[in-house]
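The values are calculated or read from the model by the stated rules, or taken from the named source; none is laboratory data. Keep in mind that what you see is a predicted model, and the values were worked out from it rather than measured. Glycine also receives a Cβ, built like all others from the backbone with ideal geometry; neighbour counts cover every protein chain displayed.
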Amino acid sequence: SDLDRLLSGVMSGWAKEGAGEPADAMAAIDKLQGPDWFGLFKSFHRALIADAAGMSEKADQIYAATLQDTAAGGAAPETWMRNAQAYASFLARKGDKAKALSVLDQAEAFAPGKLEITTLREEIN
């Protein structure tokens with residue numbers, strides 16, 4: 001099934017990251033073929049892998065692009081929100097508190113009243 005292919009591909013990518021091969025991990029995930037809704041999951045995991053591997057510039061680019069894909073977020077809102085949280089945390093770790101809070105503003109506009117966003121905002125402030 002599509003879901004099995006997605007899960008298997010994402011897990012394979014994370015295994016490559018665990019083996020110290022982040023570029024191969026991201027490439028493996030990027031190559032996954034499937035329905036349009038695969039895109040959000042692929043980009044989210046590519047951003048996480050880049051972040052985990054210390055590829056800050058790449059992680060920033062992918063997190064930001066994923067955040068802008070609100071249409072895909074409509075199909076998988078929890079994954080879109082997890083990307084927003086991960087991106088805000090990433091930015092805060094890098095010292096860009098203002099941008100991190102701006103990302104949380106976008107998340108709040110997308111899905112108002114989420115406790116996780118309020119909690120993360122308090123941690124960043």
Residue pairs qualifying under the 7 Å Cβ cut-off, at least six apart or on distinct chains, with the first in region 33-44 being closer than 14 Å to residue 5 by Cα and the second being among the polar types (S, T, N, Q), are 41/79
Take the residues of region 12-39 that are acidic (Asp, Glu) and touching a helix residue (DSSP H, G or I) at 6+ places or on another chain (Cβ under 7 Å): which is surrounded by the fewest Cβ atoms within 10 Å (Cβ to Cβ)?
30
Being out of contact with any strand residue (DSSP E or B) (no Cβ under 6 Å at 6 or more places or on another chain), under 21 Å from residue 8 (Cα atoms), crowded, with 20+ Cβ neighbours inside 10 Å and of a type in the set (Lys, Arg) is the requirement here; does residue 42 meet it?
yes
So, in region 57-106, exactly how many residues are of a type in the set (Val, Ile, Thr) and under 9 Å from the mean Cα position of the chain (by Cα)?
3
Has region 101-114 got any residue that is basic (Lys, Arg), without any contact (Cβ under 8 Å) to a residue 24 or more places away in the chain and surrounded by 14 or more Cβ atoms within 10 Å (Cβ to Cβ)?
no
Subset of region 62-85 that is at pLDDT 95 or above and buried (at least 20 other Cβ atoms within 10 Å of the Cβ) - its residue that is farthest from residue 42 (Cα to Cα):
84
Would you confirm whether any residue within region 45-58 is closer than 23 Å to residue 1 by Cβ, modelled with pLDDT of 95 or more and touching a helix residue (DSSP H, G or I) at 6+ places or on another chain (Cβ under 7 Å)?
yes
Single unsatisfied condition, residue 42 versus (1) in a helix (DSSP H, G or I); (2) over 15 Å from residue 86 (Cβ atoms); (3) not hydroxyl-bearing (Ser, Thr, Tyr):
(2)
By residue number, the members of region 80-117 that are under 19 Å from residue 60 (Cα atoms), among the charged types (D, E, K, R) and part of a helix (DSSP H, G or I) are 82, 93, 97, 99, 105
Filter region 1-11 down to residues that are over 10 Å from residue 49 (Cβ atoms) and of a type in the set (A, V, I, L, M, F, W, C) and give me whichever is surrounded by the most Cβ atoms within 10 Å (Cβ to Cβ).
6
